[in-house]
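Written out below as structure tokens is the structure these notes cover.
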Amino acid sequence: MPRRRGNSRYYWIMIVVLVCLSATFFCFYQLLISVSWFNIGNITVKGNQYVPADSILALAKSCRGQNLIALDTSSLQDSLARIARIEEAIIQKRLMRSLVIKINERQGFLYVKSAEGNLFPIDQDGLILEKTGIVNVEDLPIVQSYLPDEKLLPGRSLSHLPIQKVLQTHKAILAAYPEFGQYISEYYIMDEVVHFVDARYGTQVIVSDENTRKQLERYIFVQDNGGIDRNSVIDLRFKDQVVVKAGK
């Protein structure tokens with residue numbers, strides 16, 4: 001039988017074309033990563049509120065002057081991930097010479113007070129965050145931990161049972177009655193029961209696990225109209241009742 005030379009010739013032509021295209025692409029890529037047109041000259045930080053832009057730019061300093069196309073951002077991503085405040089960092093390359101770092105930050109949920117009296121912000125999962133500066137600018141309730149400063153390092157997750165109980169209580173209150181969160185100044189635990197302090201009146205409140213919003217609304221009504229002593233303990237765990245006890 002005669003050989004099919006046409007198909008064989010076609011395959012060889014395709015191979016040659018692919019090799020030429022690959023070589024052209026490779027040469028073009030090498031040209032792009034070698035010219036100075038794409039050397040990074042501008043780095044911008046967006047979305048940060050508590051993490052200083054200068055701190056982020058310091059981590060990205062090594063990227064300046066590198067070729068934008070050839071730049072491997074994994075090292076910078078790893079460095080940013082070590083900052084507990086940063087939940088997500090998106091690094092975008094912008095032609096011709098710009099790098100944009102978009103930051104999504106973790107928000108403080110509570111302040112944990114150490115045995116030394118210092119405040120450390122934690123998020124809703126109990127992750128210790130970096131402080132926002134010399135002055136704490138986040139308006140958050142305080143919970144006493146009696147843990148030493150060296151145990152409260154940014155990036156650590158607190159499994160301390162009392163703090164976990166307070167976290168659960170604060171989440172439940174905010175889920176049921178978000179507006180009430182602004183009235184809570186601090187939490188503490190007494191006899192394994194979570195109490196919070198009403199910042200407006202100074203009263204101590206034990207919140208109910210059920211019908212939380214309804215009980216808090218009833219408490220507000222009684223508080224606004226009953227003239228409760230500021231040293232009192234208000235127990236909301238009883239159905240349809242606001243029980244007032246003398247403070248200890």
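The values are calculated or read from the model by the stated rules, or taken from the named source; none is laboratory data. Predicted model, so just to flag it, every value in this text is computed and none were measured. Quick reminder, even Gly has a Cβ in these numbers, built from the backbone with ideal geometry, and neighbours come from all protein chains shown.
Things worth noting here:
- Any pair with Cβ under 7 angstrom, 6 or more apart, that starts in the range 97-122 at a residue that is over 19 Å from L140 (Cβ atoms) and ends at one that is polar (S, T, N, Q) and crowded, with 18+ Cβ neighbours inside 10 Å: I103/N48
- T212 being under 30 Å from E105 (Cα atoms), of a type in the set (S, T, Y) and either at pLDDT below 90 or in contact with a Gly (Cβ under 7 Å, 6 or more places away or on another chain) (or both): no
- Among the residues of the range 91-124, those that are under 21 Å from G155 (Cβ atoms), part of a loop (DSSP other than H, G, I, E, B) and in contact with a strand residue (DSSP E or B) (Cβ under 7 Å, 6 or more places away or on another chain) comprise R106, G108, F109, S114.
- One residue alone among V197, V166 is assigned to a helix (DSSP H, G or I) and of a type in the set (V, I, T), and that residue is V166.
- All of R218, R156 fail the test of being within 20 Å of G117 (Cα to Cα), among the basic types (K, R) and in contact (Cβ under 8 Å) with a residue 24 or more places away in the chain, apart from R156.
- Sole exception among (1) buried (at least 17 other Cβ atoms within 10 Å of the Cβ); (2) of a type outside the set (K, R); (3) touching a Pro at 6+ places or on another chain (Cβ under 7 Å) for I189, by number: (1)
Residues are listed down the side, and each one gets a yes or a no for (1) surrounded by fewer than 19 Cβ atoms within 10 Å (Cβ to Cβ); (2) within 29 Å of the chain's Cα centre (by Cα):
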| site | (1), (2) |
| --- | --- |
| S159 | yes, yes |
| I163 | no, yes |
| L167 | no, yes |
| H170 | no, yes |
| L174 | yes, yes |
| F180 | no, yes |
| Y201 | yes, no |
| N211 | yes, no |
| R237 | yes, no |
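- Residue count for the range 74-90, restricted to those that are touching a strand residue (DSSP E or B) at 6+ places or on another chain (Cβ under 8 Å), surrounded by fewer than 18 Cβ atoms within 10 Å (Cβ to Cβ) and charged (D, E, K, R): 2.
- Filter result for S157 (of a type outside the set (D, E, K, R) and touching a Gly at 6+ places or on another chain (Cβ under 6 Å)): yes
- Per-region count, the range 176-191, residues touching a residue at least 24 places away in the same chain (Cβ under 8 Å) and part of a loop (DSSP other than H, G, I, E, B): 1
- Restricting V137, V143 to residues that are closer than 25 Å to G202 by Cβ and in contact with an Asp or Glu (Cβ under 9 Å, 6 or more places away or on another chain) narrows the list to V143.
- Which numbered condition P148 misses (of (1) free of Cβ contacts under 8 Å to residues at least 40 places away in the same chain; (2) crowded, with 19+ Cβ neighbours inside 10 Å): (2)
- In the set L57, L71, only one residue is more than 22 Å from L127 (Cβ to Cβ), assigned to a loop (DSSP other than H, G, I, E, B) and either without any contact (Cβ under 8 Å) to a residue 40 or more places away in the chain or of a type in the set (D, E) (or both); that residue is L71.
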